[in-house]
Each structure stands twice: as structure tokens, then as C-alpha cells.
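Quick note: the coordinates plus some simple rules give every number you see, no bench work behind them. What you see is a predicted model, and the numbers here were worked out from it, not measured in a lab. Reconstructed Cβ throughout: ideal geometry from the backbone, glycine too, with neighbour counts over all protein chains shown.
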Amino acid sequence: MIDRTFTIIKPNAVADGNTGKILDMIIAAGFRVIGLKLTCMDRNQAQKFYAIHRDRPFFGELVDFMTSGPVVVGLLEKEHAVADLRRLVGATDPAKAEPGTIRNLFARSVTKNAIHASDSDENARCEWSQFFTEEEIITADYRG
Ligand code: IDP
Ligand code: MG
């Protein structure tokens, strides 16, 4: 069963020039990229995307960070996509992220932790639909 998950390469990782390296890791891990774009999130988008954290003390800092520069959003396909991407990404706090994970390699802090990965199939769908129309998703069979 092929599942989908959603990722955001966050502003610190884009600004540090690590977009290509992170995409390489994702593709090398067996994910197929079926949607991809460079975009800037506005405050409304960031507040909606992270609405579940709206009452947390770090919410303001998180919204400031996510709107501080361009991000790369991606829709990915793989067996067990959600769990496998979470494993490749590593723990939220990069100090606790396993060696070799994306956050271990590219995060600068708990907030500037390089990448987002959806935590459930249901949240993945909700998240990718905030960034991709159905027409933008590549459903044709291609290798890449
Ligand atoms: P996740 O991205 O690993 O799923 P969440 O708990 O959903 O982690 O938090 C969303 C994002 O909010 C994190 O990726 C990180 O950027 C930021 N964040 C989470 N916890 C903290 C914190 O304790 N301090 C500052 N920022 C945080
Ligand atoms: Mg989360």
C-alpha cells in the first residue's frame, strides 16, 4: 500500500543552502516526489498550519520563523510514508535526533529544526491540501 506524506523544508534549511541535500536524502530513502514548490508562507498560512500549537508558548516564535523566508513544500509517496519520513527526520529537538537524521544534520535549534514531516495520514492530507491543488499533484507513473 503506497501512502503519501507531506514535508516542509523550513526557512533555516533553505537559507543554509541545504534544500538539495535534504531532497537527496528523501529520494535516496525511497520516496517519490509527486509535488514540489518553493514558496513563502504568510502569517495566516503559518497560523493555520500550526493551529494545533496555538496555545503553546513557542507559537509566536514558530510563526515568525516559518514566515521569515522561503520554504520548499513537498508531497511524497512511499509505503509507510508517514512513519518512514518521521524516522528520517528525527526528533523535534535536534539534540535528541539520531545521528544521520535530517534534523541531526541540518537543524539549528528546536524551532529552527530544518524540516516538517506529517505525523498521521489524516494530518498529511489536511497539510498538503493547504499547498497543492489536485492539478499540481503528479499522478502519472514516472521515475524520479
Ligand atoms: P514536530 O515538527 O516534530 O512534529 P511538534 O511538536 O509538532 O514537532 O512542533 C511543531 C514545531 O514547533 C517543531 O517542529 C518546532 O519547529 C517547533 N517547536 C516544537 N516544540 C518547541 C519548543 O519546545 N520550543 C520551540 N519550538 C518548538
Ligand atoms: Mg508535529
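Summarised in one figure, the compactness ratio Rg/Rh of the stretch 6-86, Cα atoms and Kirkwood Rh, is 1.00. Rounded to whole numbers, the Karplus 3J(HN,Hα) couplings from phi for the stretch 119-125 are 9, 7, 4, 5, 5, 4, 4 Hz, using 6.51 cos²θ - 1.76 cosθ + 1.60 with θ = phi - 60°, and x at Gly and Pro. For the stretch 62-144, the Cβ-based charge dipole about the Cα centre amounts to some 560 debye (Lys, Arg positive; Asp, Glu negative; other atoms uncharged). Rounded to the nearest 0.05, what FRET efficiency do ARG87 and ASP42 have when you use their Cβ-Cβ distance and R0 = 30 Å? It comes to 0.45. Average 1/r across all pairs of distinct alpha carbons in the stretch 41-144, invert it, and you get the Kirkwood radius: 15.0 Å.
Using a Förster distance of 25 Å, how high is the FRET efficiency between ILE52 and ARG143, based on the Cβ-Cβ distance and rounded to 0.05? Before the final figure, lay out each step's value.
Working: r = 36 Å, r/R0 = 1.43.
Rounded to the nearest 0.05, the efficiency is 0.10.
Non-local lysine pairs in the chain, meaning eight or more places apart or on different chains, with alpha-carbon distances under 23 Å, amount to 15. Give, rounded to the nearest 20 debye, the magnitude of the charge dipole that the stretch 1-123 has about its Cα centre when Lys and Arg contribute +1 at Cβ and Asp and Glu contribute -1 at Cβ. Computed charge dipole of the stretch 1-123: roughly 240 debye. For the peptides 4-10, 112-118, 100-106, residues were scored by their other Cβ atoms within 10 Å and the scores averaged per peptide; the highest-first order is 4-10, 112-118, 100-106.
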